[in-house]
1. Could you tell me, in Å, what Rg and Dmax come out for the Cα atoms of the protein assembly as shown?
2. Once the cut-off is 21 Å, how many percent of the Cα-Cα pairs in the range B:41-151 end up in the long-distance tail?
3. In whole Å, what three semi-axes, largest first, describe the equivalent ellipsoid of the range B:136-277 built from its Cα gyration tensor (square root of 5 times each eigenvalue)?
4. Tell me the relative contact order for chain A as a rounded percent, counting alpha carbon contacts under 8 Å between residues six or more apart.
5. Let me check against my output: what whole-number percent is the relative contact order of the range B:1-295, with C-alpha pairs under 8 Å and at least 6 apart?
6. In deg cm²/dmol and to the nearest 500, what is the mean residue ellipticity at 222 nm of chain B if only DSSP H runs of at least 4 residues count, each as -39500 (n - 2.57), divided by the residue total?
7. Compute from the Cα atoms of the range B:297-370 the Rg and the Dmax, the latter being the longest Cα-Cα distance, and quote both in angstrom.
8. Return the whole-Å distance between the Cα centroid of the range B:232-272 and the Cα centroid of the range A:1-73.
């Protein structure tokens, strides 16, 4: 069974076994507005927590997407490169960004659960 | 490498000492996302978003609140001659009922601000200047006027822009006769329930449209009446920026400032013919020499080959890898359908069609120098 957690950088992380799927939250896509460009990491790249690994650009500005955990990029979502607005339409589903294979899943548990993320957004 | 913020770094809390326009409550009611701009709380977008707002303005009519801009009347004997000492524009030759685009220039040939000046009467002018420069501009003007000339700021007035191919037809429902105005005409209308409005057929989108100076007290009610027309949608500052970028229009502070000359900026048209006889205005001699010798850099349009936008500050190189300039405004053009930019490049690399490289996130992205505007102007000449 998969679980979803969140980061203070407004990413969601869904864990299935040792594979983490990462996207940006509905709140983040709403704050960014219409997305017009997405750049994703190369599969095979090893990334470290908090490293800037993807870029999203709205009409107005560019923003970084950070790696929420240590791992190796194993898959990216070509659909959002082709159609960045897919992230606006379905941030938590079809608009996922990339998948990481984790060496160690323990750090996942330290991420925010849904209630904690909602509280974080409300307090911001 | 230029660093960007994280996903929500743009969301800032509005400090309480921001000024508001007479339309503030209306913006909030419409769901406007308010941001700080030039000391004012202004809507960057409404719930439909920048893309939809931009496209709506290009096909219908968009209503912008630009009340943060500075408005003033300059009047009295000698006002025109004294103003001409500060600007390269020919105001003596400007007919009553007409306006022109001009520049406050520095002694070294830079630009203090760009603005609109309308001739109201023999010795009366109406000025509209940028929000971020207005205090400095008006102080500059006041300091250079002879006794007997008054500069009256109109802080009690709002400024609305109604822009788009359907804008004038909509506005003429409230101000019959407005449809007979030509581009850059200025006329006063008495609008029922609103009061006296000073209207110019101009704007900052590349589209046909009007800018309406209106009493602040009746501005919100009038904005509601305009928004009730089926062709009209409210447009925020985000789309205002993408519209003017597609139209190739410079933004003061980004694309022009005290370090850029009108010649470099491609604004030589603002140095009117009569003024080129004497060059007797601030920075005139510097500009004359620059025009004779040719500028060392030029403001140009830039079209990236790929999909990645290149933002202000992006370094520009030629195909041999030599640094030749910098992007000053860049983003995504909703009507252009892709990334667009403008910036300064070395004059010997400024020819249309020149291939260039943009340094984005440590990589070099191919692009070309192109003519502006990116989307044709549709002014009513």
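No value in this document is a laboratory result; all are computed from the given coordinates. In this text the structure is predicted, and so the values were computed from the model without any measurement. Neighbour counts are summed over all protein chains in view; Cβ atoms, including those assigned to glycine, are modelled from backbone coordinates with ideal geometry.
1. Expressed in Å, the Cα Rg and Dmax of the protein assembly as shown come to 25.1, 83.
2. Across the range B:41-151, Cα pairs with separations above 21 Å total 45 percent.
3. Ellipsoid half-lengths, sorted descending, are 29, 21, 16 Å.
4. Dividing the mean separation by the residue count of chain A yields 30 percent.
5. Details: 587 pairs, mean separation 70.8, N = 295.
Answer for the range B:1-295 is 24 percent.
6. Details: 9 runs with 74 residues, N = 381.
One gets -5500 deg cm²/dmol as the mean residue ellipticity at 222 nm.
7. Spelled out, the Cα radius of gyration and Dmax of the range B:297-370 are 10.7, 32 Å.
8. Computed from Cα coordinates, the inter-centre distance equals 35 Å.
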